[in-house]
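The values are calculated or read from the model by the stated rules, or taken from the named source; none is laboratory data. Model, not experiment: these values are computed from the prediction. Quick reminder, even Gly has a Cβ in these numbers, built from the backbone with ideal geometry, and neighbours come from all protein chains shown. What goes into the accessible areas is simple: the full protein's heavy atoms, side chains included, and nothing from ligands, DNA or RNA. Shrake-Rupley method; radii C 1.70, N 1.55, O 1.52, S 1.80 Å.
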Amino acid sequence: MGSGWHEWPLVIFTVFGQCVAGALIVAGFAWLKEKDDGVKMRIVRSMFFLWVVMGIGFMTSVLHLGSPLRAFNSLNRIGSSALSNEIAAGSIFFAVGGFWWLLSAIGKMPATLGKVWMILSMVLGIVFVWAMTRVYQIDTVPTWYTGYTTLAFFLTALLGGPLFAVLLLRGAKAANSGAMAASVSVLALIATVAVIVLQSQQLGTIHSSVQQASALLPEYGSLQVWRILLLAAGLGCWLCPLLRRKDPKLVGLAAGFVLVVLGEFIGRGLFYGLHMTVGMAIAG
């Protein structure tokens, strides 16, 4: 039993990857709609930080393999292995999106091709998150083999992604307060609370011949409360100025994003801490 933080490389990789995918979609829409070439270039330059965070996520994921030399072995079974598919989807997303950024930043991306390329990158981000969810749909791990896993991963993208994107847009001095994106994140927070409640009830029905799922994490409830508080506080740094009809400050958005990421770190740690196998028998 434990908090699941022993899987910290995967915690960082999944949370960062999902936040980047969500942020690219929001920032990508802002870039596609922008008419001013100067603002568009500033948005492109700000997107550099998306790929920095994605790179950090990939570097930490390599640590989970024990030896960096094993990283390429994870691609040996593309098409038949969910893990290989995840790494391939993430690598393609990283490469396609990163190459779009590079060509756009140096002014070598044709306008029409750039729009198509951006849309493709956004779609690949969704595919990447979906591929992540498939890794944990293991029928011998009943606490993961559920739709709540898929929901949780996409909700992370909807919680952290829009806030990350608006932070970058504000840094680029793009006229976008992210009111619509904020509404999406608020709905994602409500859905997250619902998932926590429903999954808590489900855990009480899952057990093997030797283990009860609800006993895996004795502090599950209190840690989820801390998670919700961090998420609410993080989104609050974004929402409070909007409710006062003011533009959010860059510092406030940065603090809010950090709080949301910390909240999702707790949630993802709990997810890994809930790992259990069916053992000799499973009921529930």
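Before moving on, here are some points about what is shown:
- Residue satisfying all of: in the stretch 189-214; farther than 19 Å from residue 153 by Cβ and open to solvent by 50 Å² or more (accessible area, probe 1.4 Å); modelled with the highest pLDDT among these: 201
- Filter result for residue 253 (in contact (Cβ under 8 Å) with a residue 40 or more places away in the chain and either among the hydrophobic types (A, V, I, L, M, F, W, C) or open to solvent by less than 40 Å² (accessible area, probe 1.4 Å) (or both)): yes
- Checking residue 111 against (1) small (Gly, Ala, Ser); (2) in contact with a Gly (Cβ under 8 Å, 6 or more places away or on another chain); (3) under 17 Å from residue 44 (Cα atoms), the condition it does not meet: (2)
- Among the residues making up the stretch 6-42, those that are touching a residue at least 12 places away in the same chain (Cβ under 8 Å) and charged (D, E, K, R) are 7, 34, 42.
- Scope the stretch 174-188; condition assigned to a helix (DSSP H, G or I), open to solvent by less than 10 Å² (accessible area, probe 1.4 Å) and not aliphatic (A, V, I, L, M); matching residues: 185
- Among the residues of the stretch 231-250, those that are open to solvent by 40 Å² or more (accessible area, probe 1.4 Å) and touching a Gly at 6+ places or on another chain (Cβ under 7 Å) comprise 237, 250.
- The lone exception for residue 268 - which of (1) of a type in the set (D, E, K, R); (2) open to solvent by less than 50 Å² (accessible area, probe 1.4 Å); (3) not in a helix (DSSP H, G or I) it fails: (3)
- Residue within the stretch 218-241 that is touching a strand residue (DSSP E or B) at 6+ places or on another chain (Cβ under 7 Å) and part of a helix (DSSP H, G or I) present: no
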